[in-house]
Structure formats: C-alpha cells, structure tokens
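The values are calculated or read from the model by the stated rules, or taken from the named source; none is laboratory data. Keep in mind that this is a model prediction, so the values were computed, not measured. Cβ placement follows ideal geometry from the backbone for every residue including glycine, while neighbour counts extend to all protein chains displayed. Side chains are part of the model used for accessible areas, which takes the heavy atoms of the whole protein and leaves out ligands, DNA and RNA. Shrake-Rupley method; radii C 1.70, N 1.55, O 1.52, S 1.80 Å.
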Amino acid sequence: MPGIEPLQYPGKPTLAPAAGASPTALRLVLGAQLRRMRGEAGITPDVAADCIRCSTAKISRMETGHSPCKERDASDLLALYGVTDAARTAEFIELVRRAGRRGWWRNYADVLPDWFEPLVGLEEAAASIRTYEGHYVPGLLQTADYAHAVVRSGHSLESEEITRRRVELRLRRQELLKRPDAPKLWVLLDEAVLMRPTGGARVMAEQLAHLLDMTELPHVIVQVAPFEVTAHTSPGNAITYLRFAMEGLPDVAYIEHLTNATSVNKQESTDEYRWILDSLSAQSPSPAESRGMLGEALERYR
C-alpha cells in the first residue's frame, strides 16, 4: 500500500537477560530454560514434579512463566537435569532471584486483576508493542479524563477512590513511552473508536489532540482501520502483540475478553495473530492519512 512500508519487527539478538528486565519477562525466560533443560535430560514432568514434591500442573506453570520458581526448587531441578557446572548453577539461581522480585505494578494489586498483571509486566520488557482496539483508545495512549470515563463505564458502582487508583495505574504504565529505550508502539484503531464520544465532546477532543501529539514521537504510530476494512478483517477482540529483544523470550499475543484475557506464546498461535494485525495494517490508510482522519474527528468534537 502506498505510503506505508511492510511491517518490520525488531530482530532477536543474542542477549543475556537485561539487568532492568521485568520480573514477568524473566519468569518467561526462566520457564523456557527449565523446559529446555528438562527436555534435553529426557525427564518427564511427572519425574520433575516428584523431585520437588509438587504437582505436574505446577511444573507446567513454572515452565510457561505463570508461576515463580523457588531457589531450592531450582537447585533440585538443575541437579535432576544433570547441570553440575557451579558457575551455570549460580547464574541460574541469580535469574530466579531477579524473577521473584516485585514489579512496581504490585503496588496496585488492589486494582490490578490477576489476568491483566502479566501484560503490564511484559510491556516493561517489550521492544515493540502492536495493538488493535475496537472500542477505546489503548490505555498506553489515554488521557487522564478519558481513562476516567473508560474506567467508570466498566466499574460504575465502585468508589471514586478505586477509580482514581485504576486511572493512576493506567497513567503509570504510560511512562515506558518516555524512556530512552522506549518500545516501538504501533496502534490500530477501529474507526468506531473515533465515533464513540467517550466522556463527552470535551474529553474526546482532548483525547484526539493527545493522540495527534503522540504520533509526533518517532516510536509511536497510529493507524485508523475504516469500517470497510474491519467489516471483512476484524479480530473481534482487542489484541496486543509483544516482541522482545531478550534471548529465550518468545513473542506473546495477549487477547482481551470481557472479564479476562488469554495470552499465547506458541509460534503457530502468535503467527496467526501477527498475520491479522499485518493484514489490518496493510488494508488501512497510512499513518499520515490516519492523522488526517484523527484531525477530522477532532474538529467534529470541538
């Protein structure tokens, strides 16, 4: 399509886990290493579970990064898998310690659903974030008033203090876009988002003006997917696709539902979601043309 280049994703350089990597990302790296070492040793999940006196379900959760690994369990598993090198063992245990640290988002545990926490942690480690949203502007680009309106629409009965905490968490997430190593953010907005006066005309005008300002940043791209495109190619749910520059960390597709979310990192599944996002991008107006659509929508609300 004229005006837009084919999507390019950051490569996967061979890097040790970065010192500042989020605990969520480190748990995924840790789990992948445990799964690989178990496979190389020819050990079944049942045998691994017996070794550390747990269920096979826990082994599965550890290997997929959904559960933390204790240092004692890590030492016992390494011994079972035949890892005898002292330096390698020490390096692995240090990774376990780092993966067990609290991320800043744990300070918002009172308003952070269990199903949403992994996404917040993975955003911190991402090299690129691709997202499609059919109902609202994505949280990473919301203004405070717009975020307040979105939160109240889904939690109208909760106290204003809880709403304030939810909005504060959302705004805190946005700080990653100000970092020197900020991830590339590529947003696909369904045209319906521009038509929906969330929070009223003033709030929408401020939100659209903020979107236009954010597209001035070199690492932020916004495309608008028109109705004629989403009528034929639409995922139905909000999708966030994350890619990382950390060795051993696979791409993750995060799919939001009404009251929960699903994350997948198997390549056959993530490839499908990446194809959907690529297809929508290719069929939609270019980022420059989309800026024009945002400007026209802004004028309607002023």
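Observations
- Verdict on G82 being assigned to a loop (DSSP other than H, G, I, E, B) and either closer than 30 Å to R172 by Cα or without any contact (Cβ under 8 Å) to a residue 12 or more places away in the chain (or both): no
- Sole exception among (1) assigned to a helix (DSSP H, G or I); (2) open to solvent by 10 Å² or more (accessible area, probe 1.4 Å) for E123, by number: (2)
- Matching entry among R291, R302 (being among the basic types (K, R), open to solvent by 40 Å² or more (accessible area, probe 1.4 Å) and at pLDDT 95 or above): R291
- Of all the criteria given as (1) modelled with pLDDT under 80; (2) under 21 Å from A25 (Cβ atoms), the one not satisfied by T233 is (2).
- Options D251, D278: the member that is closer than 15 Å to I129 by Cα and touching a helix residue (DSSP H, G or I) at 6+ places or on another chain (Cβ under 8 Å): D251
- Residues in segment 34-68 that are farther than 21 Å from P118 by Cβ, outside any loop (DSSP other than H, G, I, E, B) and small (G, A, S): G39, A41, A48, A49.
- Yes/no for L78 being out of contact with any Pro (no Cβ under 7 Å at 6 or more places or on another chain), of a type outside the set (D, E, K, R) and within 20 Å of F244 (Cα to Cα): no
- There is at least one residue in segment 274-284 that is crowded, with 19+ Cβ neighbours inside 10 Å and more than 20 Å from the chain's Cα centre (by Cα).
- Count of segment 85-105 residues, restricted to those that are open to solvent by less than 80 Å² (accessible area, probe 1.4 Å), assigned to a helix (DSSP H, G or I) and under 30 Å from L169 (Cβ atoms), is 7.
- Failed item, numbered, when L188 is tested on (1) open to solvent by 50 Å² or more (accessible area, probe 1.4 Å); (2) touching a residue at least 40 places away in the same chain (Cβ under 8 Å): (1)
- Residues of segment 126-153 that are surrounded by 19 or more Cβ atoms within 10 Å (Cβ to Cβ) and assigned to a helix (DSSP H, G or I): G139, L140, L141, Y146, A147, H148, A149, V150, V151.
- Filter pass, E216 being part of a helix (DSSP H, G or I), more than 21 Å from Q283 (Cα to Cα) and open to solvent by 20 Å² or more (accessible area, probe 1.4 Å): no
- Being open to solvent by less than 20 Å² (accessible area, probe 1.4 Å) and more than 22 Å from I239 (Cα to Cα) is not true of V193.
- The condition (being farther than 21 Å from M195 by Cβ, in contact with a strand residue (DSSP E or B) (Cβ under 8 Å, 6 or more places away or on another chain) and hydrophobic (A, V, I, L, M, F, W, C)) is satisfied by just one residue among I239, I276: I276.
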